[in-house]
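One structure below.
Derivation of every value follows stated rules applied to the coordinates shown; laboratory data play no part. Nothing here was measured: the structure is a model prediction, and the numbers come from that model. Virtual Cβ from ideal backbone geometry, glycine too; neighbours counted across all protein chains shown.
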Amino acid sequence: MKYRLALAWVLVWLSATPILAVTAAPEAGMLLVARPELPDPRFREAVILLVQHGPGGAAGLILNRPSRMLLSEVLPNLPQAAGASKTLAYGGPVAPRAFMVLVTVQGEPPEPSRKVVGNVYLTGPEQLLAWLEKTGKIDSYRVFAGYGGWAPGQLAAEMTRGDWQVLPADEASLFSPEVSGLWRQLVRPDPVPGQ
């Protein structure tokens, strides 16, 4: 019940905060790739999918921090999909006991859910289970414990400081079976002055 309330609060907060128009700034559905100089050790070499970005702040899921906890032990009712990760992922330091699910969807998404990018939606494990029982389809999904959050203006200050690179997200990065090398694959070297 606690998890359901936490997920409901996160989804309400995410849906109540309007998404900014497309600009050069980060927005929902994009990746934040930590720069090598990022001072916060919790996000060192992190690749984060922004699931919300707006005037009320930002929220994202760390894609490359798998845990050792098996999904079959943490959430035994979820069926194992061929494309699903078998371990729980650490989504970030905020609400670490709240579970969130990224799922690829062909057709109608789970309810409630929030479209993140392409056919990828954010929902909760109970909503995913109900959707799977209703549709009979088992798509790729990843389950995260917690998320990263930024207060209004905080991410903008980090961007100004040069802490993050912003890249478009793609399903291959979001559901990569081997996340340990994701940061090295995506981080870009600093541009050389004058070029």
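Side notes on the structure shown:
- Under the simplified labelling scheme, the Ala130-Ala25 pair shows an inter-label distance of 3.5 nm, with each label point 7 Å from Cα along Cα→Cβ.
- Spin-label proximity, Val94 to segment 27-50 - amide N less than 15 Å from point 7 Å beyond Cα toward beta carbon: 27-29, 32, 43, 48-50
- Full-stretch length increase - Lys86, Val187 - with 0.36 nm per residue and alpha-carbon distance subtracted: 33.8 nm
- Rounded to 0.05, the FRET efficiency of the Glu73 and Gln154 pair, given R0 = 30 Å and the Cβ-Cβ distance, is 0.30.
- Model label zone, Gln106; criterion: amide N under 20 Å from point 7 Å along Cα-to-beta-carbon; scope segment 134-165: 134-142
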